[in-house]
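S.K.: Okay, handing you the structure first.
Please treat every number below as a calculation from the coordinates, not as lab data. In this text, all values refer to a predicted model and were calculated from it rather than measured experimentally. Methodologically, a virtual Cβ is constructed for each residue, glycine included, from the backbone with ideal geometry; neighbour enumeration extends over all protein chains shown.
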Amino acid sequence: MKVKGVIVAAGYGSRFLPVTKTVPKEMLPLIDRPAIQFIIDEFLEAGIEEILIITSRRKKVLDDYFDREAEMEALYRSEGKLERLEKIRPPKARIFFVRQQEMRGTGHALLEAEPFTGNDPFIVAYPDDIVFCEHAGLSKQLVAVYRQHGKSILAVKNLHDKDVSRYGVVDPGDQNNPCSVRRLVEKPPAGEEPSKLVSYGRYLFTPEFYEYLHRAWETHLNGPDPAGEFYHVNGINLLAAEGGMTAYDFKGERLDTGEPLGFLEAVCRYALQREDLKQEARVLFNKLASL
């Protein structure tokens, strides 16, 4: 079974202005690794070797990052600096790009991926959502669940007693893990949420998802604001209504790098995971905490 990967990276990154005026937010580094590299590595761990990145016209640096750097390769090879040579080596995957010509929402962006995904299941990821796992990465977990159940999957977390009014919240059909999904409720008012299972930015879709996404797109085009943004949750809910959607409460910790404080936390947590940095980072953090 082949599973493909899709990364949605077409947004403006407005929360990180002014740097994102010229640097895509997907390239903002957690120390020395751009955010998008964490998603690529997660896909590779899951055996995903064909990856589509949905970009926009301001994101050419992403193409360059995943290309070879011939001059640096020659320099490091001549100097015998094999460690540096390894760091700049392109990933062992086939990387494709498509540009979203208009910023019309996540559903519209995913329609651009249909020729790439074809008849294969595919995982959708946003570089804003990085998941640290002790064992199997999130995409590998989703592939394992798909092999057991054969349905589309939302990656979710149970936030228990926390406020979930900022999230898409699952209306579950049962108490299992994975559970069936009746619908996904976007930003329900506090106290009216159907559960505490929130959907994070990782999905595994079967090829049939596009049938429902196209249905939702037609409804959108015939609606009151056809030029407005179109969201993939509309397709998800149509698929869920016919029993084709599940939700999996994954193992691991999700960090939101799409806003400055979450990005700072991700940098700090990543430093504490690295053998070459964690001891000095802990000393530094304790020092800063005493200020």
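S.K.: How big is segment 98-174 by Rg and Dmax over its Cα atoms, in Å?
M.R.: Answer for segment 98-174, Rg first and Dmax second: 15.1, 42 Å.
S.K.: Return the long-range amide H neighbours of residue 99 (sequence gap of 5 or more, or a different chain), with a cut-off of under 5 Å between placed amide H atoms.
M.R.: Under 5 Å from the amide H of residue 99 lie the amide H atoms of 55, each far enough along the sequence or on another chain.
S.K.: Which lysines have a Cα lying under 27 Å from the Cα of residue 162, excluding residues fewer than 8 positions away in the same chain?
M.R.: 187, 196, 251
S.K.: Then there is this: Choose one of 195, 150, 164: the residue whose Cα lies farthest towards the positive end of the charge dipole of segment 140-204 (beta-carbon charges +1 Lys, Arg; -1 Asp, Glu; about the Cα centre).
M.R.: Positive-end residue among those listed: 150.
S.K.: If R0 is 51 Å, what FRET efficiency do you get for residue 268 and residue 222 from their C-beta distance, rounded to 0.05?
M.R.: Numbers: r = 48 Å, r/R0 = 0.94.
Plugging the Cβ-Cβ distance into 1/(1 + (r/R0)^6) gives 0.60.
S.K.: Write down the radius of gyration of segment 157-291 and its Dmax, each obtained from C-alpha positions, in Å.
M.R.: In order Rg, Dmax, the Cα atoms of segment 157-291 give 19.4, 59 Å.
S.K.: What's the magnitude of the charge dipole for segment 4-258 around its Cα centre, counting Lys and Arg as +1 and Asp and Glu as -1 at the beta-carbon? Answer in Debye, nearest 20. Working shown, then result.
M.R.: On the way: 33 positive and 39 negative charges, 70 e Å.
Dipole about the Cα centre, nearest 20: 340 debye.
S.K.: Also, quick follow-up: From the phi angles alone, apply the Karplus equation (6.51, -1.76, 1.60; θ = phi - 60°) to segment 244-256 and give each ³J(HN,Hα) in whole Hz, x where the residue is Gly or Pro.
M.R.: Those phi angles translate into x, 10, 10, 10, 10, 7, 7, 9, x, 10, 8, 10, 8 Hz.
S.K.: Roughly speaking, what is the stretch gain from residue 132 to residue 98, that is 0.36 nm per residue apart minus the C-alpha to C-alpha distance, in nm to one decimal?
M.R.: 9.5 nm
S.K.: From the C-alpha gyration tensor of the chain, pull out the three semi-axes of the equivalent ellipsoid (sqrt of 5λ each), sorted largest to smallest, in whole Å.
M.R.: Working: eigenvalues 208, 113, 76 Å².
Those come to 32, 24, 19 Å.
S.K.: Here's a follow-up. Applying a 10 Å radius around every beta-carbon, put 124-133, 281-290 in order of their mean neighbour count, most first. Mind showing how you got there, number by number?
M.R.: Numbers: 124-133: 22.6, 281-290: 10.7.
Peptide ranking by packing, descending: 124-133, 281-290.
S.K.: Continuing with this model, one more query. How large is the helix-only mean residue ellipticity at 222 nm for the chain, computed as the sum of -39500 (n - 2.57) over DSSP H runs with n ≥ 4, divided by its residue count, in deg cm²/dmol to the nearest 500? Numbers along the way, then the final one.
M.R.: Working: 11 runs with 103 residues, N = 291.
The per-residue figure over the chain is -10000 deg cm²/dmol.
S.K.: 5 Å is the cut-off here: which amide hydrogens, built 1.01 Å from N in the peptide plane, fall below it relative to residue 193, excluding neighbours closer than 5 in sequence?
M.R.: Result for residue 193 returns nothing.
S.K.: So if I average 1/r over every pair of distinct C-alpha atoms in segment 38-87 and take the inverse, what Kirkwood radius in Å does that give?
M.R.: On the way: mean 1/r = 0.0764 Å⁻¹.
That comes to 13.1 Å for segment 38-87.
S.K.: Pairs of Cα atoms under 8 Å, at least six residues apart: use those to get the relative contact order of segment 4-258, whole percent.
M.R.: Values: 475 pairs, mean separation 60.2, N = 255.
It comes to 24 percent, rounded to a whole number.
S.K.: Reachable lysines from residue 59, Cα under 23 Å, same-chain residues fewer than 8 places away excluded?
M.R.: Cross-link targets: 4, 21, 25, 87, 92.
S.K.: Still on this structure, I have one more. Tell me which residues come under 5 Å, amide H to amide H, from residue 52 once H is placed; ignore anything under 5 positions away on its chain.
M.R.: 5, 6, 7, 96
S.K.: Here's something else I'd like to know. Sort 72-78, 35-41 by packing, meaning the average of other beta carbons within 10 Å per residue, with the highest value first.
M.R.: So the peptides 72-78, 35-41, ranked by packing, come out 35-41, 72-78.
S.K.: Once each part is reduced to its C-alpha centroid, what is the distance from segment 16-32 to segment 57-133 in angstrom?
M.R.: Cα centroid of segment 16-32 versus Cα centroid of segment 57-133: 15 Å apart.
S.K.: To check you understand DSSP bridge types, tell me what percent of the beta bridges within the chain (both residues inside) are antiparallel, rounded to 5. Please list the in-between numbers first.
M.R.: Numbers: 24 of 43 bridges.
Counting DSSP beta bridges with both partners in the chain, the antiparallel share is about 55 percent.
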